[in-house]
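One structure is given below, encoded as structure tokens.
Computed from the coordinates by the stated procedures, all read-outs in this text should not be read as laboratory data. Here the structure is a predicted model, which means the values were calculated and not measured. All Cβ positions, glycine included, derive from the backbone under ideal geometry; neighbour counts span all protein chains shown.
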Amino acid sequence: MSIKSEDVEKFLNANPQFVKSYFSKKLKPGAVASVMGIQESAVDLDSFEQVSQVEEGEIFYDLIKDMQDNVNMEKVIFKILKRISALIHADRCSLFMYRQRNGIAELATRLFNVNATSKLEDCIVSPDSEIVFPLDIGIVGHVAHTKKHINVKDVNEDSHFCTFVDELTEYTTHNILATPIMNGKEVVAVIMGVNKTTGTNFTDEDEDLFLKYLKVGTLNLKIYHLSYLHSCETRKGQLLLWSANKVFEELTDIERQFHKALYTVRAYLNCDRYSVGLLDMTKEKEFFDIWPVLMEEQAPYSGPRTPDGREIIFYKVIDYILHGKEDIKVIPNPPADHWALASGLPTYVAESGFICNIMNAAADEMFSFQSEPLDDSGWTIKNVLCLPIVNKKEETVGVATFYNRKDGKPFDEQDENLMEALTQFLGWSVLNPDTYDKMNKLENRKDIAQDMVLYHVKCRDDEIQNILKTREHYGKEPRDCEEDELLQILKKELPGPRKFEIYEFRFSDFDCTELDLVRCGIQMYYEVGVVKKFQVPQEVLVRFMYSVSKGYRRITYHNWRHGFNVGQTMFTLLTTGQLKRYYTDLEVMAMITAGFLHDIDHRGTNNLYQVKSQNPLAKLHGSSILERHHLEFGKFLLGDESLNIFQNLNRRQTEHVFHLIDIAIIATDLALYFKKRTMFQKIVDLSETYEDEKKWVDFMSLETTRKEIHNIFLFACMAMMMTACDLSAITKPWEVQSKVALSVAAEFWEQGDLERTVLQQQPIPMMDRNKAAELPKLQCGFIDFVCTFVYKEFSRFHPATQPMYDGIQNNRREWKALQEAYEAKLKEAEEAAKANQEAAAAKKAIANANGGSAGSKTCSVC
């Protein structure tokens, strides 16, 4: 009769005292050393409990020592699995590492079929031999999904069991003991023991022992996992830092930007090779490109397209080789059968926008990767990670493909995150060259527009002959004449100072043609003596004045005539008004020039209208919108050498001139007028404290005080002079002023019409042509509120300017008389209307009274 193991186990369980006595007698150090694989000298035991304690102590000591010596994770876990296999009598144990690829979680074998007699090299699974479990397949996937350990006593009774590994390895699984290794709430790995060799299934004691020993394994796997995450984050930080450094070094070209960034970070990519395919960004083809399709000579494109509808055409591939000798290959217009494109993966990624992580390229069924070596080194494609490069507009600009992770393992979730961060950063950085390209195009468009403007504004060779008649006198062009020859012509052509009374405050342009005004403007530069002193080329001076006249638009009031009148008034203030004594000749030249330029290219509408209509000028200039535009336009003209009357000044003189012009033209903004009134009044008050006029002039103009006073007093005085010149029409004789005022009002009314029709707004009374009869009242208010102060203070400052103050006073009386006449008529009309209303009311009352008495009538029939 044979004795079965079940009978022995039953007997021993029923007789624990016998078991204790027997093992105390029979269990010797030699037997323990033989079973545990340790030296007999290390075993000195008298009881089973002591054996277990020494056994555990020896195991844990070795494991901690290995962890302390920085031995790799696989070696430590391998030792633990060997011990566990022996202690729980498992036929084999395995380690499955958790990872994610393409956003899908999976478990892959790292150590497989470990038992008490296994060797490490036999149990480590190479990347190309991995067994991969999705979390919805198998007991091991179920453990990772539920994050709970499990003891399956019979796999045939468990619905999660999958036989594909048994079929693959020709092995039969009966029972399983498995547990997840956790790092917080994250699964790191799953360890599994298979088939109890000394029983039908793993017991509860086996389960406790299994979990107990895996505590050390859990610690080791946590350290490994955290170390790996730290390494990945460090690589990501370095990668983004260096790529950012190179991206901002190169802002001009996307290809060079990508190349610099990708080449610099190659050490952090952890792959053997990578390539970048750049996509054609053309969305709409030219007519002649689609002509063959329209004529049915060529079939229309039917291939894949990017998510934004572009044809997928790689116009360049850059191949970075890191294995062996580093190299970079640039392939312009790569053929479709180029190895980097032939698989179809880059095209698929460009079309779908997906990230593709392929573990085993050779076995992949969707894409056909080249199986033969790509070069003489024998390098072949094993695993691939492919990502789209997408810009801020969500347009795919390229595809980056990374080949063969350096450690031989497939790319995992951390690699995907790192590469995605890189490609995302590169995609966003495309904004830099795009913006740079747009800026270049805008700059080029601006240059072209300025060239067009200059062509139409600049004085032509035939136009200059209207003044400099060199063809008539010398039979040659002005550029071919000497300065003396040009001077002789100008002496004949210019009107001189008396013909049009350019020295008088009462000057009127009514009897002048626009060409006469150009001639008068040229005459003024000769009158103040700056042409010879500053070596102004006379041809340049004529072209400049002619071009300024053409730069003014043909609008109702702010045209060349107004521009000239302001320049003439500045000239008159400086000469007749004797204000020239405070300024150098160079400053006088700048102030007269500013007067001519101050409203060039005026649009006939004010600053507020530019803001309301959202004109580009309002977006370009935050304040003093039109004034800044006039200034820029004037500088634009002076920037042309053939028009630059300041071309022979030195750098310091040029800077000073343009600084003066800046201040003078901006000062014509009436919004700034009230800010400068106080300063000018202080200057006038200070001048009255000097009894000796010479001392006052010396104080204002001598170099000893000029450094401190000039920038304040003289610039403030110049700014107020510009205002006085800009408003000077209000000081002209009544017969002139009344006509000019109607021109100003007409332009205001035109703006009011625009506000009413375009902006759908009710204009203010000054701009409303329906209130044209109120013009005298508005003029009186304008004179009192704005103008009188200017000319009154100037008459105090310099009595020579008294004619301007007298003129404005006279004009106010005229406007006041018109206002009173209008108001009298208005009052008379109101009284007449009131009388008519009263008469109508009385008549109605009488009619009602009469109607009341006759309203009741009785008819009697007798």
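A few points about this structure:
- Members of K792/K816; K222/K409; K10/K148 lying beyond 23 Å, as alpha-carbon distances in this model show: K10/K148
- Model label points for A336 and F248, set 7 angstrom from Cα along the Cα-to-Cβ axis, are 4.4 nm apart.
- Applying D = kT/(6 pi eta Rh) to segment 484-588, where Rh is the Kirkwood radius over alpha-carbon pairs, T corresponds to 25 °C and eta to 0.890 mPa s, the Stokes-Einstein value obtained is 171 µm²/s.
- A viscosity of 0.890 mPa s and a temperature of 25 °C, combined with the Kirkwood radius over Cα pairs in Stokes-Einstein, give a translational diffusion coefficient for the chain of 65 µm²/s.
- Over segment 546-700, the alpha carbon radius of gyration divided by the compact-protein estimate 2.2 N^0.38 Å works out to 1.15.
- Cross-link pairs beyond the 32 Å C-alpha cut-off, checked among K283/K458; K695/K739; K458/K532: K283/K458; K695/K739
- Cut-off under 5 Å, modelled amide H: who pairs with G398 long-range: L279, I389
- Contour minus Cα-Cα distance for R498 and T198 (0.36 nm per residue): 94.9 nm
- With the alpha-carbon atoms of segment 572-655 aligned to their principal axes, the span from lowest to highest coordinate is 43, 32, 19 Å, starting with the largest.
- Taking the average, over residues, of other Cβ atoms within 10 Å as the packing measure, peptides 161-172, 110-121 rank 110-121, 161-172 from highest down.
- Segment 108-157: C-alpha pair distances exceeding 14 Å, %: 63 percent
- When Rg and Dmax are taken over the Cα atoms of segment 429-515, they come to 22.1, 67 Å.
- Degrees between helix 715-726 axis and first principal axis of the chain (Cα, 0 to 90, nearest 10): 60 degrees
- Taking the C-alpha atoms only, the angle from helix 204-247 to the longest principal axis of the chain is near 30 degrees.
- Cα-based equivalent ellipsoid of segment 102-245: semi-axis lengths in Å, sorted from largest, via gyration tensor: 32, 17, 16
- Over all orientations, segment 318-452 has a Cα convex hull whose mean projected area works out to 10.7 square nanometres.
- Cubic angstrom per residue, convex hull over Cα atoms of segment 298-352: 102 Å³
- Placing one equal scatterer on every Cα of segment 746-823 and applying the Debye formula, the log10 ratio I(q)/I(0) at q = 0.13, 0.17, 0.18 Å⁻¹ is -0.52, -0.74, -0.78.
- Sum of -39500 (n - 2.57) over DSSP H runs of 4+, divided by residues of the chain (222 nm, nearest 500): -17000 deg cm²/dmol
- Distances between every pair of Cα atoms in segment 339-409, grouped in 10 Å steps from 0 to the bin holding the largest one, split as 19, 50, 25, 6, 0 percent.
- The order of the peptides 381-390, 619-628, 712-721 by mean Cβ neighbours within 10 Å, most packed first, is 381-390, 712-721, 619-628.
- Entries in K260/K325; K491/K550; K393/K438; K492/K550; K580/K635 that, when Cα-Cα distance is taken, lie over 27 Å: none
- Full extension of the chain between D698 and T172 gives 177.8 nm of extra length, using 0.36 nm per residue less the Cα-Cα distance.
- The length gained on full extension between F164 and N810, counted as 0.36 nm times the residue separation minus their Cα-Cα distance, comes to 221.4 nm.
- Taking only alpha carbon atoms, segment 727-862 gives an Rg to Rh ratio of 1.38, where Rh is the Kirkwood radius.
- Relative contact order (%) - criterion: Cα under 8 Å, at least six apart; region: the chain: 6 percent
- Estimated FRET transfer efficiency when R0 is 45 angstrom, pair R479-A829 (beta carbons, to 0.05): 0.10
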